[in-house]
Amino acid sequence: MGATMTASLSLINHAPVVPLLIALLTASVTLLSRRSIKLTISLSLLGMFAYVVSLLYLLRSVQHGPLVYQFSAWPAPYGISFVADSFASLLLCISAIITAGVLLYSITTIDESKQKFSYHSILHFMLFGVTGALLTGDLFNLFVWFEVTLMTSYVLVVFHSNPKQTKAGMTYVILNLIGSAFMLVSIGGIYATTGTLNLADLSHRLSQPDLYNISVPSVILFSMILFTVFALKSGLVPLHFWVPLVYQAAPSPVSALLSGVVKKVGLYAMIRIFFTVFISNESTLVGEFSILTIFGISLLLLSSASMIFGGISALSQDNIDNLLAYSSISQMGFIMLPLSLAALFPSMRQMALMATIILTLNHSLAKASLFLVSGCIKNAIGSANLSDLGGLSRHSPILSFSVFISIFSLVGFPPLFGFFGKLHLLILPLNTESVPTTYSILLVLIILVGTILSLLYSVRLWNLGFWGEISPKVSASTFPRSNQYVILLFSIMLISFGIGFEFISPLIESASISAIDSSGYIEAVLYHK
């Protein structure tokens, strides 16, 4: 019995590193097995199944507190730490579900020769980078895992190698290289100022800046450079200009991954750094302007601009991919807005983080579903222009049902999952004990305007593309059943998470608590046995 308990504890202690190893192993074996397409697909699906199972086990294991894995048994802050908590594990699980759906969809849509040669290995290598980014416990390795994720996404964006993709890929590469350079400068500056890059140790030192002779203004400067980098990678206005170009050019499964998975890495890093690390610093720069205050004001302006600009721009698009790209900019504004309120008003932090997490999960599922629908339409009809569509609701009921659920979950219609995100978001500014009345009214107006714009472009997409008479191109098209079922699965999850919200609410609440539990994070990492 003692040996069984020891083995069980050993498995739990190694749980944070298991998904990483599975993703790396799957990427390697699918690359080596490329002589047989059937073997490659089988290994890819088997690896994805193992990856999902390992993450579900990890999510279950972290409900009683963070799990820490120290590489080579070097203790923090000197060694490399992997830290899994409810927040990171929940985002990893949703990323795995979306990637698994994209993988199933890709089997019938990506050219077999390209699947055989590199597609599966690149996809799993991207998952390897995402896993590392969401679990790493220090800033420098966050940069490294970011680069691993971005390198694979560069390749996937230009996967078909046509001129349009090459142009989009070059724009994507150049902008992210500039962002990575600034990220590296910021990380170097933080290390020179604080003497550490371990997130737990950094949080500990920032709680006592005088003891460690830390210049708070310098930390604020470098933290805001990091914020700018994460805003670029998340596609917030005015750093959004790469999003429509890349999303329209990339293969639809890749756009689904970029929107549903890769974008969320920047969001995670922003939350982890500002709410797990910098939340411990209450020192001020000028008056009451702390790191979180400056971050909150900046994010409030950018998220509000993204909601409005993205919504207005989406209204004028005739191409589905362009409409979804601008919609993604707007929805990222909705996701980021509660973060700004969490930074500015400490009393509502947990509720605000819950709103962000719900909206993030909803956006990941809905937008991945919609980009895959766009892929189905382009493959069957040869065009994603709304002017070429019409009558899809009668021609393809399953596909149309999925679109209907996804777009109106983004708008926030009950009883869909997105409704609870919008409900939590609207409750925040109405908390008059924390938010002054004038600001409360302004925030409610911004949220309502953004929601109305979301409703208008969603209705326009539905009316032009799925309602009305069946167009000649639609009537002559056929949609593979297997792809429709993958998309339908995402829609069923949006319905299930909405109807059964009380059952998944504890997971979301646990994730929101762990995201702001600086002391628990420090305790788990620095005093890990």
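What does the charge dipole of the chain about its Cα centre add up to, to the nearest 20 debye, if the Cβ of each Lys and Arg holds +1 and the Cβ of each Asp and Glu holds -1? Walk me through the numbers on the way to the answer.
Numbers: 22 positive and 18 negative charges, 283 e Å.
Rounded to the nearest 20 debye, it is 1360 debye.
When the helix-only estimate is applied to the chain (DSSP H runs of n ≥ 4, each -39,500 (n - 2.57), divided by the residue count), what is the mean residue ellipticity at 222 nm, nearest 500 deg cm²/dmol?
Value at 222 nm, helices only, nearest 500: -24000 deg cm²/dmol.
Going by alpha carbons, how many degrees (0 to 90, nearest 10) lie between the helix axis of 163-194 and the longest principal axis of the chain?
Its long axis makes an angle of about 10 degrees.
Going by alpha carbons, how many degrees (0 to 90, nearest 10) lie between the helix axis of 37-61 and the longest principal axis of the chain?
Once rounded, one gets 40 degrees.
Based on the alpha-carbon gyration tensor of the stretch 251-380, what equivalent-ellipsoid semi-axes (square roots of 5 times the eigenvalues) come out, in whole Å, largest first?
Largest first, the stretch 251-380 gives 32, 15, 11 Å.
What nm distance separates the two modelled labels at residue 499 and residue 475, each placed 7 Å from Cα along Cα→Cβ?
My value for the distance between the label points is 3.6 nm.
Using the Cα centre of the stretch 75-178 as origin and beta-carbon charges of +1 (Lys, Arg) and -1 (Asp, Glu), tell me which of 153, 96, 77 is placed farthest towards the positive end of the dipole.
153
Contour minus end-to-end for residue 151 and residue 192, with contour as 0.36 nm per residue of separation and end-to-end as the Cα-Cα distance?
Numbers: separation 41, 0.36 × 41 = 14.76 nm, distance 2.77 nm.
So the chain would gain 12.0 nm between residue 151 and residue 192.
How long is the gain from residue 73 to residue 427 if the chain were fully straight, where each residue apart is worth 0.36 nm and the alpha carbon distance is subtracted?
Working: separation 354, 0.36 × 354 = 127.44 nm, distance 4.55 nm.
In short, 122.9 nm is gained.
³J(HN,Hα) across the stretch 317-322 via Karplus (A = 6.51, B = -1.76, C = 1.60, θ = phi - 60°), whole Hz, x for Gly/Pro?
With the stated coefficients, the stretch 317-322 comes to 8, 9, 9, 4, 4, 5 Hz.
Give the separation of the Cα centroids, the stretch 147-171 to the stretch 462-529, in Å.
Between the Cα centre of the stretch 147-171 and that of the stretch 462-529, the gap is 25 Å.
Given R₀ = 22 Å, what would the calculated FRET efficiency be for residue 160 paired with residue 383, taking r from the Cβ atoms and rounding to 0.05? Before the final figure, lay out the partial values.
On the way: r = 17 Å, r/R0 = 0.75.
Plugging the Cβ-Cβ distance into 1/(1 + (r/R0)^6) gives 0.85.
If I stretch the segment between residue 456 and residue 210 completely, what's the gain in nm (0.36 nm per residue apart, minus their alpha carbon distance), one decimal?
83.3 nm
Which pairs in the list 378/422; 164/233; 38/264; 263/378; 164/378 are over 26 Å apart, alpha-carbon to alpha-carbon?
Working: 378/422 31 Å; 164/233 21 Å; 38/264 32 Å; 263/378 24 Å; 164/378 16 Å.
In this structure, 378/422; 38/264 lie more than 26 Å apart at Cα.
For the Cα atoms of the chain, what angle does the longest principal axis make with the long axis of helix 397-411, in degrees from 0 to 90, nearest 10?
Result, in degrees: 40.
I need the P(r) histogram for the stretch 123-166: all alpha carbon pairs, bin width 5 Å from 0 out to the longest distance, whole percents.
Going from the shortest bin to the longest, the percentages are 6, 25, 25, 16, 12, 9, 5, 2.
Roughly what would the spin-label model give for residue 171 and residue 312, points 7 Å off Cα along C-beta, in nm?
It is 2.0 nm.
Rounded to the nearest Å, what's the spacing between the alpha carbon centres of the stretch 173-190 and the stretch 324-358? Just the number, please.
24
Just grab the label-to-label distance for residue 37 and residue 221, each label 7 Å out from Cα along the Cβ direction, in nm (one decimal).
The two pseudo-label positions are separated by 5.7 nm.
Looking at the P(r) of the chain, how many percent of alpha-carbon pairs lie beyond 45 Å?
Beyond 45 Å sits 10 percent of the P(r) for the chain.
Here, each number is a calculation from the coordinates, and none is a lab measurement. None of these values were measured; they are calculated from a predicted model. All Cβ positions, glycine included, derive from the backbone under ideal geometry; neighbour counts span all protein chains shown.
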